[in-house]
Amino acid sequence: MAAADSVLIPQADEISIENARVVIIGAGPVGLFLALKLAKAGVDVLVLEAEGQVSQSPRATTYMPIVLNELDKIGLYEDVLEAGYTNTEGITFRKSHAKGGDVLAQMRMSQVPKGVVKYDFAGIHLGQHILAEIILSHCKKEPKFRIRWGHRYVGSRQGLESDSVKIICVGPVGEKFFSCDYLVGADGAGSAVRRSLCIPFEGFTWSDFRFVAANVKYDFDKYGFATANMVVDEEDWAVIARTGPGNDPWRVAFGVRTDIPESEILKKLPEKFESLFPGPRPLKYELVSANPYWAHQRVAATLKVGKTLLCGDAGHSNNPIGGLGLTTGLLDSAALGNCLIRIFQHNEPADPLLERYAQVRRDTWIKFTNAQSIDFKLRVHSFHPDVEAARNGLFYALNTDPSMHLKMATMMNEITKDEFALPELDGLSPTEAQTTVEDK
């Protein structure tokens, strides 16, 4: 019987631990961008992703010049430029179709003199999932990069500062174990990493509207819509923008009142589109996808606990109007990547540098991203006297003062000095800087 048992009963699994210098939870653009930056600098990095592939759900679509500058530094810019749709027009503010569809104001890139700003366009429009796939394709070329799909983070344990971080995930066939010098949570607003560390997510969730992000194939440009459009209305407000070139769908993002049951939200789409879409009736469009979600203005109480760091939406989340969420997340990745490169390649003291990363990036979100994204949201739907006065002042300036267009373009192109960048790379071009890092 013993011999039969040895044949019929499998042997116990051998518990193994996979090691990396840095483990990143989450294979969205923020996590993959950080992974690419580290791998290019020779840092062994492992990405763990719960899903089986890059998420295809409708999310961010626009990348402003400040982010393009960071993409350029690690060789992504040309691929993103080729894959996306370059917004050379600007931004149009208009009434809803139900209210006549009149143009209220336009920020025109054509009013900006050539050569005054580095990127003479308002941004590149490209689905977030395509950006992630482009970054992933670059990651796969790097020998220091690894990724494990279908591995859902469960928890981690940290000991002394000199100890490695131990991680447990649920993989396709059971529990898997990993260890690293540093763990990074880049796993979105519902971050399992943040929650496992009991870090409060401070702030609030918007209770006036629930957001819906829909991808729709419709000929908006035939009816005079620009690449990016802000529809101003108390109820039928929206952002309508391209998600890419050619026949790629348009993003129609809008709000529905929170008293509408979740099961009824998607049934409201035809009614909402009737209020928003130009053109003859009956409307003929193709709904590619739609995703309702709650929007937040929240920030983690800290972005660092021991040797675990938070990055992107795992550390802060804001409403999507204005495109500041992923923008801030990618800048987090750039800053954290520089910190870790300085630690691994230049032997700089780790804790003070990472504490400063956590404080600076948290403060940046609070002082800039949070405040600006709230302003952008209120601008499209609030008719409070103070908001209306500010909106009317902006529209008047855009319609009467040509210098306002240059001012806005300059703000979008403003490249703030990254205090975490490697000191010896200051003043070098992106190509020269990358060559220097790779030679280390």
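The values are calculated or read from the model by the stated rules, or taken from the named source; none is laboratory data. This is a predicted model, so every value here is computed, not measured. Glycine also receives a Cβ, built like all others from the backbone with ideal geometry; neighbour counts cover every protein chain displayed.
Would you check which residues across the range 25-66 are among the acidic types (Asp, Glu) and either under 11 Å from the mean Cα position of the chain (by Cα) or assigned to a strand (DSSP E or B) (or both) and list them?
So in the range 25-66, the residues among the acidic types (Asp, Glu) come out as 44, 49, 51.
Selection gives 49 alone.
Counted as qualifying within the range 263-338 are no strands (runs of 3 or more DSSP E), as none has 3 or more residues that are among the acidic types (Asp, Glu) and not assigned by TED's automatic domain parsing to the domain that holds residue 158.
Name the single residue that is farthest from residue 70 (Cα to Cα) among those in the range 132-190 being among the acidic types (Asp, Glu) and buried (at least 19 other Cβ atoms within 10 Å of the Cβ). This residue is 181. Residues in the range 112-144 that are over 14 Å from residue 53 (Cα atoms), modelled with pLDDT of 95 or more and among the acidic types (Asp, Glu): 142 only. In the condition set (1) buried (at least 18 other Cβ atoms within 10 Å of the Cβ); (2) in contact with a His (Cβ under 8 Å, 6 or more places away or on another chain); (3) closer than 30 Å to residue 378 by Cα, residue 126 is compliant with all but (2).
Condition test on residue 211, is it out of contact with any helix residue (DSSP H, G or I) (no Cβ under 7 Å at 6 or more places or on another chain), under 19 Å from residue 55 (Cβ atoms) and assigned to a strand (DSSP E or B)? Walk me through how you get there before you give the answer.
On the way: out of contact with any helix residue (DSSP H, G or I) (no Cβ under 7 Å at 6 or more places or on another chain): yes; under 19 Å from residue 55 (Cβ atoms): yes; assigned to a strand (DSSP E or B): yes.
The answer is yes for residue 211.
Tell me whether the range 9-23 contains one or more residues that are within 16 Å of the chain's Cα centre (by Cα), assigned by TED's automatic domain parsing to the domain that holds residue 191 and not in a loop (DSSP other than H, G, I, E, B). No. Scanning the range 386-395 for residues that are in contact (Cβ under 8 Å) with a residue 12 or more places away in the chain and of a type outside the set (A, V, I, L, M), we see that the one that is surrounded by the fewest Cβ atoms within 10 Å (Cβ to Cβ) is 395. All of 94, 108 fail the test of being over 20 Å from the mean Cα position of the chain (by Cα) and buried (at least 22 other Cβ atoms within 10 Å of the Cβ), apart from 94. Within the range 364-385, can one find any residue that is surrounded by 20 or more Cβ atoms within 10 Å (Cβ to Cβ) and within 20 Å of residue 158 (Cα to Cα)? No; the residues of the range 364-385 include none that is surrounded by 20 or more Cβ atoms within 10 Å (Cβ to Cβ) and within 20 Å of residue 158 (Cα to Cα).
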